[in-house]
Amino acid sequence: MYFGRPYGGYDYPRGEYGYYGVVPGRGYGAVRIVDAPRDAQVYVDDYFAGVVDDYDGVFQHLNLEAGTHHIEIEAEGYPIDAFDVRVAPGQTVTYHAGDR
């Protein structure tokens with residue numbers, strides 16, 4: 001699953017799944033999220049991307065188009081954890097929730 005450019009130019013409202021297609025010739029990297037509640041919702045650039053459990057393992061990560069992205073982690077009973085990350089092609093950034 002990759003996030004970067006939406007199919008067909010659709011404008012997905014916040015809370016709906018924001019699947020993006022891979023664009024040939026563009027670089028992709030990844031973000032791994034650890035130390036967050038496993039059922040917390042993950043939003044990338046205001047699009048729902050899934051839950052932390054999908055992106056917290058050694059072989060689990062959130063694939064993103066290279067560049068800067070805004071990520072929010074939301075879980076009931078916890079403050080929103082929001083951060084900006086710069087993704088480099090071919091590299092994985094590990095984010096430790098709560099480290100700000």
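What follows is calculated from the coordinates using simple rules that are stated; it is not laboratory data. The structure presented is a predicted model; accordingly, all values stated were derived computationally and were not measured. With ideal geometry, Cβ positions are generated from the backbone for all residues, glycine too; neighbour counts draw on all protein chains shown.
Scanning residues 5 or more positions from Gly50 or on other chains, those with amide H under 5 Å from its amide H are Val42, with H placed 1.01 Å from N in the peptide plane. Computed over neighbours whose Cβ is under 9 Å from that of Ala36, the net charge equals -2, Lys and Arg +1, Asp and Glu -1.
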